[in-house]
Amino acid sequence: MRTSRLFRTASYEWNFPLPTLFGPKARQAIPSLLASKGAKRPLVVTDKGLPSQPFFQEFLECMRTADLEEVSLFSQVHPNPRDTDIAEGVEYYKATSSDSVICVGGGSGLDAGKCIAMVAESALPLEVMDYFAAPPLLPAGGRLVQCITVPTTAGTGAEMDSGAMYTVTREGIKRCAGHADLPLIAVLDPELSLSLPPTLTAWTGADALVHAVEAYLVPTYHPMCDGIALQALQKIAKNLPLAVADGSNLDARSEMLVAAALAGVSFQKGLGAVHGLSEPIGAVYETHHGLTNAILLPFVLQELGTAINDHCAEIIKVLGLPASQTHASTVLIDWAKELNQQLQIPEKLSDLLGDLNDSAVQQLAVKAESNPTGFTNFRRFTVDDYTKVIRAAL
């Protein structure tokens, strides 16, 4: 395991935008963090694949041998979390008399866990927890339970705020739950990502990259998020290929974990049409979110064209790419394509979905156009715009 003194010798605590503990073995502080909030019976929430992993078994043992009354596990979460997963998790939370939630994993485990924490004791249904609306008032006696987010991938940035994607199974669409008052603590332990295979390292890292690019392109004035997005992009460009090439490189893993968190913070400003389209694709076809984003990014940038040149000029400057004020978007598109190729990410959406008929394309475009995640795109896309992107990507 390769590591520098910076990441080997200390843990770091930050309080922006929420309490965050970063460093190797930061996971060992979770029991004391829970105790400081009066919680003793956490429900660990993760996806179906994680419990069999040795690092997760070690994590769970660490929790169960700590000074906690009871540690329960709920792992019935699909790769794209469903409303039915969350309902089942809420029932299990109640059945085990849990009092807090530890979300562990990639975006699926983190998002499902946050949804469970919002609903389990609030006496409110999941549908009213709308990330894009004013947070609902809790009825008397209702509460949002303490939630600790523990990412094991460097991608979604879901650990950094309450926003949580889930699929509405009856409609085949994704919605984003959230509540500004959800008590969150993020624990970023790069050792938990060391065993992530190269493919998932690439796909989740690409997700973080798309977050940062789309956030920076949102056409509103938010210099804090813009600066954070550019810092994330710089770290990802340097460290993602290193982490893919050598998963034991703790420096690269650490920098990617931080970069994903930064990118997650940056999109408090908003996201764009890549996510506007990838979310309905994931809801309908159960594709990996980061992989879908990576494939779509060059095609969405191409559709935006020269209108984003000024923004792209700043991005390519940070990335150390050749300056080009008149063709900056082309430079960024070419770089994104080359990075995808380096990471062995397919060039075309058809590699994931096969051939789509006109009806399927139209249905995806309609769902994308009505998806609020894409409303903050540099230019809000119409159904026709999304149709062109899909056809170009197939």
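Scanning region 85-94 for residues that are open to solvent by 40 Å² or more (accessible area, probe 1.4 Å) and touching a strand residue (DSSP E or B) at 6+ places or on another chain (Cβ under 9 Å) yields E88, Y92.
When L60, L110 are checked against the criterion of being part of a helix (DSSP H, G or I), without any contact (Cβ under 8 Å) to a residue 60 or more places away in the chain, out of contact with any Leu (no Cβ under 9 Å at 6 or more places or on another chain) and not small (G, A, S), a single residue qualifies: L110.
Just so you know, in region 233-267 the residues that are within 12 Å of the chain's Cα centre (by Cα) and open to solvent by 30 Å² or more (accessible area, probe 1.4 Å) include one that is modelled with the highest pLDDT, and it is L262. Taken together, the residues in region 296-352 that are open to solvent by less than 60 Å² (accessible area, probe 1.4 Å) and either part of a helix (DSSP H, G or I) or without any contact (Cβ under 8 Å) to a residue 12 or more places away in the chain (or both) amount to 30. Among the residues of region 49-102, the ones that are among the hydrophobic types (A, V, I, L, M, F, W, C) and either within 30 Å of T292 (Cβ to Cβ) or touching a Cys at 6+ places or on another chain (Cβ under 6 Å) (or both) come to 12 in all.
Just one residue in the set T220, T201, T167 is touching a helix residue (DSSP H, G or I) at 6+ places or on another chain (Cβ under 6 Å), outside any helix (DSSP H, G or I) and either surrounded by 24 or more Cβ atoms within 10 Å (Cβ to Cβ) or hydroxyl-bearing (S, T, Y) (or both); that residue is T167.
Residue pairs whose Cβ atoms lie under 7 Å apart, sitting 6 or more positions apart in sequence or on different chains, and linking a residue in region 226-242 that is in contact (Cβ under 8 Å) with a residue 60 or more places away in the chain to a partner that is aromatic (F, W, Y), are L230/Y216.
Screening K40 against (1) among the basic types (K, R); (2) within 26 Å of H211 (Cβ to Cβ); (3) in contact with a Leu (Cβ under 8 Å, 6 or more places away or on another chain) leaves a single unmet condition, (2).
The values are calculated or read from the model by the stated rules, or taken from the named source; none is laboratory data. This is a predicted model, so every value here is computed, not measured. With ideal geometry, Cβ positions are generated from the backbone for all residues, glycine too; neighbour counts draw on all protein chains shown. We work out accessible area using only protein heavy atoms, side chains counted, and drop any ligands, DNA or RNA first. Shrake-Rupley method; radii C 1.70, N 1.55, O 1.52, S 1.80 Å.
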